[in-house]
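Below is one structure, written out as structure tokens; comments come after it.
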Amino acid sequence: MENYLLHLNDLPRELGFPIPLDSLVSYESARGTFNGVRPDNIEFAFRLESPERYAIDMQDSIQYENTFPHLFIKMPGSRFRTNKFRPRRVFVLIYDGKYLDLFRNEGIPLNAICWPIVDLNLVRWLIRKMNELVESLHVPGIADRLDSLAWTLLHEVVLMKGKNADSRLKRNDPVCRIQQIASFYRRHYTEKINLDVLLSKHGFSRRTFYRCWAQLFKQSPKQYQLFLRLQEAARLLSYNNSVSEVAGQLNLTDVSNFTEQFQRQYGVTPGEYKRQFVQKALPRKDKE
């Protein structure tokens, strides 16, 4: 991890990313303290390591106490105080305060202020990629890539909010195992799935599996697979594939049953659905 404080707001962008980075900070041994009103910027401080057990901060008269690693959000114009602390490893994304509403609209929980970083390896990997890019800041497109990676880093840590390492990695958790099975269906929906083999791999009896599945999904596994197949059928039909070709690609061997199920899901037969797209693609004749 490198030491730098980079101002990026004056660097030209190739793309129009809606929330560009203003500054980027990386310190192996940060020591800075602050007592006063913060400037008009939003600071996302990724505090990765410290010899101390807790970081103690005061923002707008509320005291926060966090173990490492964690994310702390410093709000624009807030009254902020942090006392003297031992050197800590930090990585900071700084944005102009004018983007406050955009962050909220994108689902960034600015009211939460702080939470633990669960997957530190992922965070380190993203920071490492950003550190590689800062060596070429004046190369066209590099500032855009930093904007994109910073946004990815922020999203990943937001998705960790409310989780802990045990719940994230606990493979024996029934919900986790059901999610893995559902993911298998999404990857292999065109195939004939041997449910007994799949349940054995994930440690479920049929009875327990169906009970746990129903807690997460309204459709049965069979209905879920059919839904995925019909969804792909609609896409293939829009590319002017024949109904029989589509049914064959998706292992829907009974074309009449395929037609019935498709109409039930989309309100029209596969042939009618296909014709809608073909007609849209035809050149329009000018009126005489």
Expressed in µm² per second, the diffusion coefficient of the stretch 222-281 from the Stokes-Einstein equation, with Rh the Kirkwood radius over alpha carbon pairs, at 25 °C and 0.890 mPa s, is 219
Just from its helices, what would the mean residue ellipticity at 222 nm be for the chain, if runs of 4 or more DSSP H residues each count -39500 (n - 2.57) and the sum is divided by every residue, rounded to the nearest 500 deg cm²/dmol?
-> -13000 deg cm²/dmol
Cβ-based exposure ranking for 259, 152, 253, in which fewest neighbours within 10 Å come first = 253, 152, 259
Relative contact order of the chain, pairs being alpha-carbon contacts under 8 Å that are 6 or more residues apart, as % | 14
Given 10 °C and 1.306 mPa s, how large is the Stokes-Einstein diffusion coefficient of the stretch 170-218 in µm²/s, with Rh as the Kirkwood radius over Cα pairs?
-> 144
In whole Hz, with x marking every Gly and Pro, tabulate ³J(HN,Hα) for the stretch 17-33 from phi via Karplus 6.51 cos²θ - 1.76 cosθ + 1.60, θ = phi - 60°.
-> 4, x, 10, x, 5, 8, 8, 9, 10, 9, 9, 6, 9, 5, 10, x, 10
Note: residue 121 to residue 214 extended length (0.36 nm per residue) minus current alpha-carbon separation gives 30.1 nm
Between helix 174-187 and the chain: long-axis angle, C-alpha atoms, 0 to 90°, nearest 10 = 60
The stretch 185-288: chymotrypsin sites (Phe, Trp or Tyr not before Pro) in DSSP loop, at most 15 other beta carbons within 10 Å | 217, 239
Given a Förster radius of 41 Å and the C-beta distance between residue 64 and residue 254 as r, what FRET efficiency does 1/(1 + (r/R0)^6) yield to the nearest 0.05?
-> 0.10
Sort 7, 202 so the one with the fewest other Cβ atoms within 10 Å of its own Cβ comes first.
-> 7, 202
Rounded to the nearest 0.05, what FRET efficiency do residue 83 and residue 244 give with R0 = 51 Å and r taken as the Cβ-Cβ distance? Could you check?
-> 0.10
Between residue 13 and residue 222, how many nm apart are label points set 7 Å from Cα along the C-beta direction?
-> 5.1
Compute from the Cα atoms of the chain the Rg and the Dmax, the latter being the longest Cα-Cα distance, and quote both in angstrom.
-> 26.1, 82
In whole angstrom, the spacing between the Cα centers of the stretch 29-61 and the stretch 86-113 equals 12
Cα-based equivalent ellipsoid, the stretch 4-166: semi-axes from gyration tensor eigenvalues, Å | 24, 18, 16
To the nearest 10 degrees, the tilt of helix 120-133 (Cα long axis) against the first principal axis of the alpha carbons of the chain is 80
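Readers should treat all values here as calculations from the given coordinates under stated rules, not as data from a laboratory. These figures come from a predicted structure and were not determined experimentally. So basically every Cβ, Gly included, is an ideal-geometry build from the backbone, and we count neighbours across all protein chains shown.
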